[in-house]
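Data block below; observations after.
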Amino acid sequence: MTPPGDCVLELRDLRKRYGSVPVLEGLNLRLERGQVYGFLGRNGAGKSTTLRIVMGITHADAGSVSLFGSPVAASDVRPRQRVGYVAQEQHFYDWMTPEALGKFVGAFYPSWDPDRYAELLDRFEIPERRLRTFSGGMHVKQALALALAHRPELLVLDEPTAGLDPVVRREFLEILREIVARGEQATLFSSHLVDEVELVATRVGIVEHGVMRYEGSLAELASRVRRLTLPDPGADPGAAEREVEAALATLPLRTLSRRGPPLELTVWSEEPLVFAALEARLPGARYEPLTLEEIFIELVRSSPGADA
Amino acid sequence: MLDLGAGRGSSMPRRLATLMRKELAQHRALLWVLPLALGVLGLMFWAQLRTHPSATNRLTACAQALRIFVPLAALALGQALIVREYQARTQLFLQALPLRPGEVLLAKLGVGLGALGGTAVAFCTLAALLQGEFGLRVIGSMALRAFGFVLAVWSLCASFGLLGKLRVPAYLTLILGVVALGRATSFQLERFGPFALLEASTFVAERVLPARALLETALASVALLLPGALVGLWRDGVLAERLSERATAREAVAVGVVLFAEFTAIGLLRPKRDVAPFQFVGDGVARGASHGAQVLYGAAELAPRAAQVASALGALSERMRGELGIDPPPPLLAVHNGLLEENRVNTRTQELGGVLLELNLGARALDLQALRALATHESLSWLSRRRALFEPNHWLLDGFSQAWSGDAPALTRCWRRALVAAAHVELGADVVTHWERLMDQAGEDGANALGCSLVDFVGERHGRERVLELVRRLLARPTVTGLVSWWRERHATPAALLALHTGEPWPDIVDAWQRELARRRARAQELASEANDRGELTLEPSAIGADVVYALTGAPAALDRQCRLLSLQLERPYDEYVNAERAERRPVLWPAGAPEVHGRVRGLYPAGTRAWLALECHVPALELDKRVRSVRLEAP
């Protein structure tokens, strides 16, 4: 078992192309034991590809993947026996029942616990009948039961709530929150829905065009972004603009977006204290924090190569 | 539910075992059906061989059944084990499990090979035991051959299953490739690797290990497996995933264009000119002067008779080369079969790239003339790609085979037989041209005799060289090889060519021949009684179906005559040639001194059915089964 605080998963400079289309262009990610990592990104940002590389389903063109402190070789199944995985879409054998499926999957994991599996099936209210009769939500819960039954040290979830209705989605997220709160495993789950990440994750990584745009805690992320709205410039709009440019030029700030009139800027700073200095320079502006969803949108829109 | 085995620990053998158990559980219905299907198929072939007059060892039914069963079963298993996995996308689920690349594929290959191979081996073993064959060597040989065939075919189907939407075009391309190879080179599929293992004549009989065939099978299996393995494993199986998707319209068009090009290319290929001659290997083979003449006899005491046959076939081979211009002559192969009746010869031409005759070398007497005639017939049929059997050519093939291969006594006998046969048929130019109808009336022996006398007559009338020219032109080579040659040859019949080269119209030749027959019959008084026999056949209604009523009339004989009634229910089309071997035979004794004999067979045919009926009487002096009457009737 990995000691607390140790690195469970580390991706370094991961690169992957599908034909001429680049999907990952130097992705870095680090996950430690006990952390719940929300991997956030738009559709096509590279989330699923990253997770498939972690699971060994796909191989990166360049870069390294370390699981539990050791580089992963394609032929070595032992690290993957310590990982539980819930795929974006479930493709179980629909002629199997949950019990048969558990027996089949359990044969590949040395630490498989049939009692725990039965307990999870009961907890998730999964009936003992052929999987072809299951709804989408039941399939996802079944996948989660399989992923947890062998007591993994790393739990990987690839957009597990995709395609679920709001009720089932909420139910699943509550189960997930309960499990990650109780468990000692590290959890990495991807989503394009910000509210899911806010509900469950303690750490977030935002990926866009195959590159990590931000990695850190939610609190840190919230503290690095501000929206400032300037008052009506009156007769001389140019003067206000010049004042803003002068203030921004002297401070370590990056403009994520600009709208108006009236002028509205979203700015980013690695150092939250800079905003105090900005307030001092532009006392007439209104400063407000952004929600995680707004920060996410601003970050991805401002990425190189983003759509206008 | 089959226990899928949640094992402690997860070594590779355990993982493979788990995967295989999953496959067995998932496809158990199909795996149960396979042995049943093979059993039924085997029974059908066995039943057919049981009644087939030329069948010898019933165990050859195993080879016949496997040739059909294994490819179909392999296709079905490939579809179930491999294609469906990708179509249902369950391979994505397997990819996410801690498995090594290739383990899933290996498990599927193992299950398929085990199921098919096990079924085939068990089938052969059971068939051998039921047939009373307990020799380990025989059973082992059959099992090894069957397994080898399964290995090659399963490798192909499993591999191509991974090609997804390209698998059907791949199959077609492979088939066309084999056809092209066969046409352009001396390659013969039936003599290659897995197919040679299942060759019917050696499947049971051959005692030596087929090392070459096994090696070819192993290499072919690896070569066939490679494309699929590459597709399945390369780039994390992404290629196999993409190929499992439905073909787009553009892809379908592209594939269609490629296949059309392949078909066109095949059509333009010129057929190969030479076929490598087949060789019997090992001990117990007698060879004639010509290398192509070989006799496989097996037991030492048959060596002298085998040498005699080989010498006769060798001499025949040399005559074909010299007089008919067939160079090289086709291989003339003979195999001893102790179960055959005396003077019975089976032909299995074209199975081994030449003429293959089965005969009983241990029989009391051996009719070398009949053997030469049959070998000539089969050789010309094989060389002309069976065009010699087309009706306008058929009389020339049958007649020339008898006349050319025989010596003077044989020719005399054929004339005497012809005199007797001619008394019971209506001859004429049209009748001779429609040879199968003449065979229907006169019987095969009678028709052969008539054809022999006609060829001899034409030779006497217009010169033997004219007849040889005709044979070289029409029978000793494939005259029709494509559309253009068919158009050119469609009017080149013996009748037309005779008229062209002799200046005598065909009807005039036939009339002159008939007059010759009448002249000779008038001088052969000892055959008059045979020529005057008459027969009548009718179908009369009765409460239980139509009765066959027969009557034979003629001059009373000094000895009992052995006659027989032949009957066969006809299926559509009702006017097809009847092979008398398939007819039911009922003995009819015509007592000595009796001017007639009558009989009735009750309720033989339901009303509305059609039947072919014939009366034959044996003429011991001519060794001829004279057909006195034949009719096709509808049961009232």
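Nothing in this text is a laboratory measurement; each read-out follows from the coordinates by a stated rule. Just so we're clear, the structure is a prediction, and the values are computed from it rather than from any experiment. Don't worry about glycine lacking a Cβ; one is built from the backbone with ideal geometry, like all the others, and counts go over all protein chains shown.
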Checklist entry - If you plug each phi of region B:497-504 into the Karplus form 6.51 cos²θ - 1.76 cosθ + 1.60 with θ = phi - 60°, what whole-Hz ³J(HN,Hα) values come out, in order, with x for Gly and Pro? => result 6, 4, 4, 5, 8, 9, x, 10
Item to check | Calculated from backbone phi, Karplus (6.51, -1.76, 1.60) coupling profile of region A:109-125 in Hz, x at Gly/Pro | outcome: 10, x, 9, 4, 10, x, 5, 5, 4, 4, 4, 5, 4, 5, 4, 8, 6
Next on the checklist: Suppose a student asked you for the relative contact order of chain B, using Cα pairs under 8 Å spaced at least 6 residues apart; what percent would you report?
Outcome noted: 8 percent
Checklist entry - According to a simple spin-label model (label point 7 Å from Cα along Cα-to-Cβ), what is the distance in nm between B:GLN188 and B:VAL257? => result 4.0 nm
Next on the checklist: For peptide B:99-110, what's the mean number of Cβ atoms from other chains within 10 Å of each residue's Cβ?
Outcome noted: 1
Checklist entry - Going highest first, how would you order B:434-446, B:119-131 by mean Cβ packing within 10 Å? => result B:434-446, B:119-131
Next on the checklist: Cβ neighbours within 10 Å, averaged per peptide: list B:70-76, A:26-32 in order, most packed at the top.
Outcome noted: B:70-76, A:26-32
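Loop-only check: which trypsin sites (Lys or Arg not before Pro) in region B:449-520 are DSSP coil with at most 11 other Cβ within 10 angstrom?
Passing sites in region B:449-520 are B:ARG490.
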Checklist entry - Which lysines have a Cα less than 22 Å from the Cα of B:LYS22, not counting those fewer than 8 places away in the same chain? => result A:LYS103, B:LYS108
Item to check | Shape of region B:501-561, Cα gyration tensor, a/c cut at 1.5 | outcome: oblate
Next on the checklist: Cut-off is 10 Å between beta-carbons; in what order do B:TYR574, B:TYR550 appear when sorted fewest neighbours first?
Outcome noted: B:TYR574, B:TYR550
Checklist entry - Given H placed 1.01 Å from N in the peptide plane, which residues other than close sequence neighbours of B:ALA293 have an amide H under 5 Å from its amide H? => result B:GLY288, B:LEU332
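Just want the ordering: B:VAL222, B:VAL588, from fewest to most Cβ atoms lying within 10 Å of their own Cβ. Present the calculation step by step, with values, prior to reporting the outcome.
On the way: B:VAL222 13, B:VAL588 19.
Going from sparsest to densest Cβ surroundings: B:VAL222, B:VAL588.
Stretched out fully, how many nm does the piece from A:ARG12 to A:LEU199 gain, at 0.36 nm a residue minus the Cα gap? Spell out each step's value before the answer.
Numbers: separation 187, 0.36 × 187 = 67.32 nm, distance 2.75 nm.
Stretched fully, the A:ARG12-A:LEU199 segment lengthens by 64.6 nm.
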Checklist entry - What residues have an amide H closer than 5 Å to that of A:HIS150, excluding those fewer than 5 places away on the same chain, when H is modeled at 1.01 Å from N in the peptide plane? => result A:ASP113
Checklist entry - How about region B:490-599: which GluC sites (Glu not before Pro) there lie in a loop by DSSP and see at most 10 other Cβ atoms within 10 Å? => result B:GLU571
Item to check | Label-point separation in nm, B:TRP486 to A:THR133, each point 7 Å along Cα→Cβ | outcome: 6.0 nm
Checklist entry - Per chain B: cysteines with no other Cys C-beta under 4.7 angstrom? => result B:CYS62, B:CYS124, B:CYS157
Checklist outcome for this item: Of the candidates B:ALA247, B:ALA410, B:GLN562, the farthest towards the positive dipole end of chain B (Lys/Arg Cβ +1, Asp/Glu Cβ -1, centred on the Cα centre) is B:ALA247
Checklist entry - How much FRET efficiency would the formula 1/(1 + (r/R0)^6) give for A:THR250 and A:GLU89, where r is the Cβ-Cβ distance and R0 is 45 Å, rounded to 0.05? => result 0.30
Checklist entry - Can you list the aspartates and glutamates whose alpha carbon sits under 14 Å from that of B:LYS626, skipping same-chain ones fewer than 8 residues off? => result B:ASP440, B:GLU444, B:ASP445, B:GLU530, B:ASP533, B:GLU616
Next on the checklist: I'd like the Karplus ³J(HN,Hα) series for region B:90-103: coefficients 6.51, -1.76, 1.60, θ = phi - 60°, whole numbers in Hz, and an x wherever there's a Gly or Pro.
Outcome noted: 6, 5, 5, 5, 5, 4, 7, 7, x, 10, 7, x, x, 5
Item to check | Overall Cα dimensions of region B:496-629, principal axis frame, Å, largest first | outcome: 59, 43, 22
Checklist entry - If you place +1 on the Cβ of every Lys and Arg, -1 on the Cβ of every Asp and Glu, and leave all else neutral, what size is the dipole of chain B about its Cα centre, to the nearest 20 Debye? => result 2060 debye
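What length, rounded to one decimal in nm, is gained on full extension from B:GLU436 through to B:ALA47, with 0.36 nm per residue of separation minus their alpha-carbon distance? Provide the component values of the computation, followed by the final result.
Numbers: separation 389, 0.36 × 389 = 140.04 nm, distance 2.84 nm.
Computed gain between B:GLU436 and B:ALA47 is 137.2 nm.
Determine, for A:ILE206, A:ILE175, the number of other Cβ atoms within 10 Å of each Cβ, and report the residues in order from fewest to most. It would help to have the intermediate numbers written out before the result.
Working: A:ILE206 25, A:ILE175 16.
Going from sparsest to densest Cβ surroundings: A:ILE175, A:ILE206.
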Item to check | Cα centroid separation - region B:493-548 against region B:153-191, whole Å | outcome: 51 Å
Checklist entry - Summing Lys, Arg as +1 and Asp, Glu as -1, what charge do residues with Cβ under 13 Å from the Cβ of B:TRP506 carry, B:TRP506 excluded? => result -3
Next on the checklist: If I build a Gaussian network model for chain A, linking alpha-carbon pairs within less than 10 angstrom, which residue out of A:VAL86, A:VAL200, A:VAL267 has the largest mean-square fluctuation?
Outcome noted: A:VAL267
Checklist entry - How about region B:306-401: which GluC sites (Glu not before Pro) there are in a DSSP loop, with at most 12 other Cβ atoms within 10 Å of their Cβ? => result B:GLU341, B:GLU342
Checklist entry - Among B:PHE134, B:LEU189, A:ALA201, whose Cα lies farthest out toward the positive end of the dipole of the protein assembly as shown, if unit charges sit on the beta carbon of Lys, Arg (+1) and Asp, Glu (-1)? => result B:PHE134
Item to check | Three-way shape label, the protein assembly as shown, alpha-carbon gyration tensor, a/c 1.5 | outcome: prolate
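Between B:TRP234 and A:GLU178, what FRET efficiency follows from the Cβ-Cβ distance if R0 is 30 Å, with the result rounded to 0.05?
For B:TRP234 and A:GLU178, the calculated efficiency is 0.10.
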Checklist entry - Label points 7 Å out from Cα along the Cβ direction at B:ALA265 and B:PHE390: separation in nm? => result 3.1 nm
